[in-house]
């Protein structure tokens, strides 16, 4: 059987539309999956907070303080050119960042998050040291220490961040 030129055009056009449509829907699905927040903090979960408190005491308190007060002069670079550890209490800026950014900073480091590989910081990278659940637990414990008003403002920051991912 021999196809006539109009039939060839129609078959080619149909194949092109099928490929384009499949690509479009595949791309939309992958964008939705990438935009979904993966690491929401759980400051109201007592079991998570117990784990988080233990990890904070072991991994974070030496620099950020037992109560999250941070190091003195944390906004000014030291003689080594590094910034001292900031507070994680309400006086600091931790709560200004959505959950996903806090998770990424803890797991991968600030240099990767801001895409500046030469950025120097004293903050260790905890990917490979702590599991994802342990990172969520310690960040949840930090959030649980904030006053209610700050926690609510942080929740609003998360809502705005998640909306921005859907646009």
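Worth a mention:
- Test result for residue 78, farther than 27 Å from residue 141 by Cα and either modelled with pLDDT of 95 or more or surrounded by 11 or more Cβ atoms within 10 Å (Cβ to Cβ) (or both): yes
- Exclusive hit being surrounded by 11 or more Cβ atoms within 10 Å (Cβ to Cβ), at pLDDT 85 or above and over 19 Å from residue 125 (Cα atoms), set 61, 90: 90
- Sole residue being in the same structural domain as residue 67 (by TED's automatic domain parsing), within 13 Å of the chain's Cα centre (by Cα) and over 18 Å from residue 53 (Cβ atoms), chosen from 82, 102, 113: 113
- Those residues of segment 81-122 which are touching a residue at least 40 places away in the same chain (Cβ under 8 Å), closer than 24 Å to residue 140 by Cβ and not in a helix (DSSP H, G or I), in sequence order: 88, 89, 90, 97, 98, 122
The values are calculated or read from the model by the stated rules, or taken from the named source; none is laboratory data. Note that the structure is predicted; figures quoted are calculated from it, not measured. Every residue, glycine as well, gets a Cβ built from its backbone with ideal geometry; the counts of neighbours run over all protein chains shown.
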